[in-house]
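In what follows, a single structure is set out as structure tokens and then discussed.
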């Protein structure tokens, strides 16, 4: 089984925040695959799975808040005996422009606290991840305020393009065609 994890924070105040990009992508994947309500399991919202491209795939949205995401991922990976290489983590990245997605098979967390928690919990840097660009903060805006801030109107209107590109990236990963890494970018009119 493959486990796809979207990082974010629970609570209505975080809906459509940049830091919840991973959750938004999981929501799209769940909708696209026709899955129903999640089970409340592994300190998160868990969809036990479906078949995509011949692979059994489960989805997880940790409800631990971003900084403790590793607890949820570790619980699920141990229960289902999923090795770190079969876990894909989706999260925001302020170092990438909006609409750019970057896949890496392993590496550091790049300062992303949810990913730091996951890498620490699993005890390895070899955890695949798909980062969704959210742009860097505007001048005078702190990083915390930026990531917890909402997407702009234009970004929300372009979000379906990001979702489609993320789905294609997921399929590439499931097919074993992602290699060590790749970068893709949405195109707008």
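Between 85, 106, which is assigned to a loop (DSSP other than H, G, I, E, B) and either modelled with pLDDT of 95 or more or crowded, with 23+ Cβ neighbours inside 10 Å (or both)?
Details: 85 fails: assigned to a loop (DSSP other than H, G, I, E, B).
Testing whether each residue is assigned to a loop (DSSP other than H, G, I, E, B) and either modelled with pLDDT of 95 or more or crowded, with 23+ Cβ neighbours inside 10 Å (or both) leaves just 106.
When you look at residue 147, is it farther than 13 Å from residue 102 by Cα, under 15 Å from the mean Cα position of the chain (by Cα) and surrounded by 13 or more Cβ atoms within 10 Å (Cβ to Cβ), yes or no?
Numbers: farther than 13 Å from residue 102 by Cα: yes; under 15 Å from the mean Cα position of the chain (by Cα): yes; surrounded by 13 or more Cβ atoms within 10 Å (Cβ to Cβ): yes.
So residue 147 passes the test.
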So which residues in segment 125-136 are more than 18 Å from residue 4 (Cβ to Cβ), surrounded by fewer than 18 Cβ atoms within 10 Å (Cβ to Cβ) and modelled with pLDDT of 95 or more?
-> 125
Scan segment 104-130 for residues that are in contact with a helix residue (DSSP H, G or I) (Cβ under 9 Å, 6 or more places away or on another chain), in contact (Cβ under 8 Å) with a residue 40 or more places away in the chain and farther than 16 Å from residue 73 by Cβ and jot them down.
-> 105
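How many residues does segment 17-64 contain that are in a helix (DSSP H, G or I), more than 19 Å from residue 129 (Cα to Cα) and touching a strand residue (DSSP E or B) at 6+ places or on another chain (Cβ under 6 Å)?
Here the count works out to 1.
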Could you please tell me which pairs satisfy a Cβ distance under 6 Å, a separation of 6+ or placement on different chains, a first residue in segment 15-36 that is in contact (Cβ under 8 Å) with a residue 12 or more places away in the chain, and a second residue that is assigned to a helix (DSSP H, G or I)?
-> 17/148; 18/147; 19/147; 19/148; 20/14; 25/166; 28/163
Taking segment 64-82 and keeping residues surrounded by 20 or more Cβ atoms within 10 Å (Cβ to Cβ) and either on the phi > 0 side of the Ramachandran plot or out of contact with any helix residue (DSSP H, G or I) (no Cβ under 6 Å at 6 or more places or on another chain) (or both) leaves 72, 76, 77
In segment 160-189, what residues are over 20 Å from residue 106 (Cα atoms) and either outside any helix (DSSP H, G or I) or without any contact (Cβ under 8 Å) to a residue 24 or more places away in the chain (or both)?
-> 160, 164, 185, 186, 187, 188, 189
So, of the residues in segment 109-124 that are at pLDDT 95 or above and assigned to a loop (DSSP other than H, G, I, E, B), which turns out to be surrounded by the most Cβ atoms within 10 Å (Cβ to Cβ)?
-> 124
Taking segment 1-26 on its own, how many of its residues are crowded, with 17+ Cβ neighbours inside 10 Å, in contact with a helix residue (DSSP H, G or I) (Cβ under 9 Å, 6 or more places away or on another chain) and within 17 Å of residue 163 (Cα to Cα)?
-> 14
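For segment 40-50, check the following and say yes or no: at least one residue is in contact (Cβ under 8 Å) with a residue 40 or more places away in the chain and crowded, with 16+ Cβ neighbours inside 10 Å. Working first, answer last.
Residues of segment 40-50 that are in contact (Cβ under 8 Å) with a residue 40 or more places away in the chain, as a first pass: 49.
Adding the requirement that they be crowded, with 16+ Cβ neighbours inside 10 Å leaves 49.
So far as segment 40-50 goes, yes, one or more of its residues are in contact (Cβ under 8 Å) with a residue 40 or more places away in the chain and crowded, with 16+ Cβ neighbours inside 10 Å.
The values are calculated or read from the model by the stated rules, or taken from the named source; none is laboratory data. Please read these numbers as outputs of a predicted model, since none were measured by experiment. Please note: Cβ atoms are built from the backbone with ideal geometry, for glycine as well, and neighbour counts cover all protein chains shown.
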